[in-house]
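Only one structure is covered here, and it is reproduced in the block below.
The values are calculated or read from the model by the stated rules, or taken from the named source; none is laboratory data. Source: prediction; values computed, not measured. Cβ placement follows ideal geometry from the backbone for every residue including glycine, while neighbour counts extend to all protein chains displayed. Remember, those area values only see protein heavy atoms, side chains included, never the ligands or the DNA or RNA. Shrake-Rupley method; radii C 1.70, N 1.55, O 1.52, S 1.80 Å.
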Amino acid sequence: MDSSASPAAAAATPAAAADRYTYSPRLRWQPQVEEYFAAAYGRDRFARISEALAHPSCYSCIRVNTLKSSTDAIMHKLMNLVDHNGLCGGINGLEIGQQNGGEQAHEGSSVVHKCPYSGLDNVLFVQGSGPHALHYDSQPDQSIKEVIVSRKCAESVLRGAQVYIPGVLACSSHVEKGDKVAVSVAIEQPAEDGGWTVDTHYEERKGLYIGQGITAMSRSGIFRVPHGVAVEMTERVYKLPSFNDVLEGEIFLQNLPSVVAARVLDPQPGERILDMCAAPGGKTTAIAILMKDQGEIIALDRSHNKVMDILKLAAEMDLNCIKAYKLDALKSVRKTNDAKYIGEAGSRTDAIVTLAENSEPCINKVDAGITNASEDSSTTSVVHTDNKRPDDKRYVSKADLRKNLRRMRNGPGRNNCSGGRVENSKGFLPNSFDRVLLDAPCSALGLRPRLFAGEETLESLRSHATYQRRMFDQAVKLVRSGGVIVYSTCTINPGENEALVRYALDKYKFLSLGSQHPKIGGPGIVGSFELSTKKYTEEWLTEHESQLVQRFDPSSSLDTIGFFIAKFDVGQNDN
């Protein structure tokens with residue numbers, strides 16, 4: 001598509017215009033996937049779930065850093081921000097329905113409320129509103145100017161973001177800076193080759209208008225510069241609060257089920273916890289706060305930048321018990337033939353450790369005077385002495401030495417990290433953690449708002465499930481007897497949720513489902529699914545097992561993302 005092409009003209013009649021300028025998305029699924037979900041949920045329930053997924057939740061969930069402030073103090077600060085700074089963009093107080101015994105707020109009260117659910121006393125809700133019927137024909141003598149954005153851009157705008165330049169696909173002609181424009185979204189459509197394509201034709205955008213705003217630059221400027229704000233939204237279908245640079249370090253914007261998952265893990269001060277897929281660090285920091293920053297949390301991600309994000313968030317929240325490493329979670333268990341002795345063991349009983357476990361993340365330095373080597377040295381390795389542990393020695397490669405010398409010369413990077421360096425890990429010893437959180441990478445079919453789901457097939461859903469089983473196998477090896485594993489996903493796919501639980505219970509007889517607190521989600525799915533070809537049967541849960549997990553339905557009164565949590569108690573493993 002030509003990114004600078006103009007949209008089609010507006011509809012001729014008022015009735016057609018009213019039908020067009022609405023927000024009434026329909027989430028498309030691959031036919032076999034739709035049949036699979038209909039079999040799992042029932043056709044009517046899945047239709048409600050599919051509709052809910054295309055809309056954002058009507059509130060924002062805030063987790064308070066109780067090590068820096070109290071819930072009451074943060075609530076007071078947020079109320080002042082709403083009153084004086086328009087944090088919520090002029091949203092009026094709205095009624096929160098009474099759910100699970102929670103207290104009901106009344107019309108006209110503050111938009112900031114304490115979470116009504118037991119066990120979540122550090123959580124606040126900031127209420128939004130929507131969907132709103134907007135009037136795009138405020139200037140009847142002029143044609144409506146439009147900006148068409150990508151689906152991913154629109155999903156962000158529906159959650160409160162502005163329209164940024166990379167998300168703009170097309171724009172009406174003669175748009176100048178300061179013009180009022182309607183913002184619509186182009187959704188992927190079926191292509192002739194059986195795939196999906198994006199176009200900006202009129203019919204394909206019918207019912208997909210997400211608001212209007214003021215252009216921050218002209219049409220030519222939008223397609224000339226690579227980044228920046230293109231449209232500042234003034235009216236939105238959904239009005240949700242913005243928390244950009246608000247109370248940094250004191251609060252964290254997090255989906256309610258994610259807060260619950262950290263609580264279900266029930267970490268205790270002094271324990272050693274593993275967060276296997278930790279980025280961006282929301283659950284990691286939640287666990288650290290529950291532990292009162294006492295103990296050790298190992299946070300893993302295979303992306304350098306994401307590990308940096310974890311460390312940055314921990315620094316913002318003044319949390320010291322978090323150590324973040326770059327490591328693929330599928331390689332979490334250390335291979336015994338990779339174990340190394342570091343220096344002289346002395347009285348240490350755990351002499352076989354990983355280099356990463358025995359080092360300080362992000363602050364390693366090399367003393368050039370001690371190594372007596374220059375950046376251009378041809379020495380292949382040098383002895384490194386740590387001033388904090390003079391008895392510990394290890395060999396450093398020439399390449400690592402050059403990097404460390406450059407960092408010393410250039411000084412520390414952001415967050416006081418030496419050149420933005422993160423530590424790699426070669427894995428961890430079996431049975432070395434008290435608790436493990438596996439918030440597994442998944443199909444993410446529970447995230448809201450979601451405007452397109454056609455890329456997922458039954459085969460891709462099964463591949464996600466296979467990947468998660470391999471990760472779970474690693475988690476089982478790393479947790480000690482008497483420990484806990486919490487498994488969670490942000491998808492509605494039972495193959496990645498209930499089927500994983502079935503796999504875990506059938507393969508590892510020393511695992512059992514534990515009770516969860518808090519328990520505000522619904523039960524899991526019971527039964528099984530068999531493909532029409534009968535080549536594959538997917539087993540789910542029994543009635544008793546379904547009551548021990550919790551599933552968050554996006555169409556329920558909780559109004560959350562789709563999410564799943566299972567807690568496993570680890571018994572004595574005789575293997």
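With all protein chains in place and a 1.4 Å probe, the accessible surface of segment 202-269 carries 45 percent carbon and sulfur. Within segment 146-236, antiparallel bridges make up roughly 80 percent of the DSSP beta bridges whose residues both belong there.
Taking 51 Å as R0, compute the FRET efficiency from the Cβ-Cβ separation of Phe223 and Arg480 and round it to 0.05.
Numbers: r = 58 Å, r/R0 = 1.13.
Efficiency for this residue pair is about 0.30.
Only the Cβ atoms of Lys and Arg (+1) and of Asp and Glu (-1) were treated as charged; on that basis the dipole of segment 146-236 about its Cα centre amounts to roughly 380 debye.
Each 10 Å bin, from zero up to the one with the longest distance, holds this percent of the alpha carbon pairs of segment 146-236: 18, 51, 25, 5, 0. Beyond 26 Å in Cα-Cα separation lie the following of the pairs Lys335/Lys507; Lys335/Lys509; Lys77/Lys292; Lys68/Lys312; Lys77/Lys323: Lys77/Lys323.
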